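See structure below.
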Amino acid sequence: MNYKGVIFDLDGVIVQTDRYHYLAWKQLADRLRIPFNETVNRRLRGVSRMESLEIVLEASSVSYSQEQKEALAAEKNEIYRGYLSRMTPADVSREVLLVLTTLKTSGVKLAIGSSSKNAKLILRKVGLEGFFHAVSDGTNIVNSKPDPEVFLAAQEMLGLEPKECLVVEDAVAGVQAAFAGGMDCAAVGDAAKAHIATYELARFSELIDLII
Ligand code: BG6
Ligand code: MG
């Protein structure tokens, strides 16, 4: 086995909730008449809700109080949770499920390492509650990616050393977080296009040969 543990990012890796994040921010930005597009959205991947809001508001001429910002973040989260409420186990692709079950039955320890405070809700909606050996998410960290905190917490929960773990990420900030924590990283999507990770996955199932 090349790695004893794998720490998966959630949004944009296990499920395509990154699309829902985009749509929810877009709806808020449109209401506030702030320009928002995929280029700005790319900077929000892996970053906490409040830090994401600050990035969205960079293009605004209005200056908001802390209280107003909290309300805007809550408004975005309401819209986002509207999308989450419609999720089902069918939102996990067969390929992702195959990789997860193959690794687990081979004795690899599996964790989630996500900046999201909605991670446990998503896992429940898609039928993966209790599947992972550890879940480290936005509720147990102070600093979000690119800080390694969420991955270091996951690796500790698994009882492994950083070098024994592989992180799987779709965010540039996530790859940076993995490296900052001393872990190798396999990239999909946006992060793969940035050519900064240890491995770039053309297909998710390539993980099986990489790990076992
Ligand atoms: C990350 C997403 O997983 O979670 C970010 O990539 C998001 O885009 C962050 O901002 C926080 O999510 P939540 O669900 O707590 O607002
Ligand atoms: Mg992600």
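Key figures for this structure:
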{"quantity": "Most fluctuating residue given options M87, M183, M50, as computed from a GNM of the chain linking Cα atoms under 10 Å", "calculated": "M50"}
{"quantity": "Prolate/oblate/rounded label for segment 1-121 (Cα gyration tensor, a/c 1.5)", "calculated": "prolate"}
{"quantity": "Order by protection proxy (mean Cβ within 10 Å, highest first), peptides 130-141, 66-77", "calculated": "130-141, 66-77"}
{"quantity": "Qualifying aspartates and glutamates (Cα of each under 15 Å from Cα of K76; at least 8 residues distant if same chain)", "calculated": "D18, D30, E51, E54, E67"}
{"quantity": "Relative contact order (percent, whole number), segment 18-84, Cα cutoff 8 Å, 6+ residue spacing", "calculated": "43"}
{"quantity": "Within the chain, helix-based [θ] at 222 nm, where runs of 4 or more DSSP H residues each add -39,500 (n - 2.57), nearest 500", "calculated": "-13500 deg cm²/dmol"}
{"quantity": "Unsatisfied cross-links (Cα-Cα over 19 Å) in the set K120/K163; K26/K69; K26/K145", "calculated": "K120/K163; K26/K145"}
{"quantity": "Difference of contour (0.36 nm per residue) and Cα-Cα distance, R19 to I55", "calculated": "11.2 nm"}
{"quantity": "Spin-label pair Y83/T139, simplified geometry with 7 Å Cα→Cβ offset, distance in nm", "calculated": "2.2"}
{"quantity": "Estimated vicinal HN-Hα couplings, Hz - segment 136-145 in sequence order (Karplus 6.51, -1.76, 1.60; Gly, Pro = x)", "calculated": "10, 8, x, 8, 10, 10, 9, 10, 8, 3"}
{"quantity": "Farthest positive-ward along the chain dipole, Cα basis, beta-carbon charges - from V172, G159, Y83", "calculated": "Y83"}
{"quantity": "Helix axis angle, 66-84 relative to the chain longest principal axis, alpha carbon, degrees", "calculated": "50"}
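Where a number appears in this text, it was derived from the coordinates with a stated rule and is not lab data. These figures come from a predicted structure and were not determined experimentally. In this analysis, Cβ positions are derived from the backbone assuming ideal geometry, glycine residues included, and neighbour counts consider all displayed protein chains.
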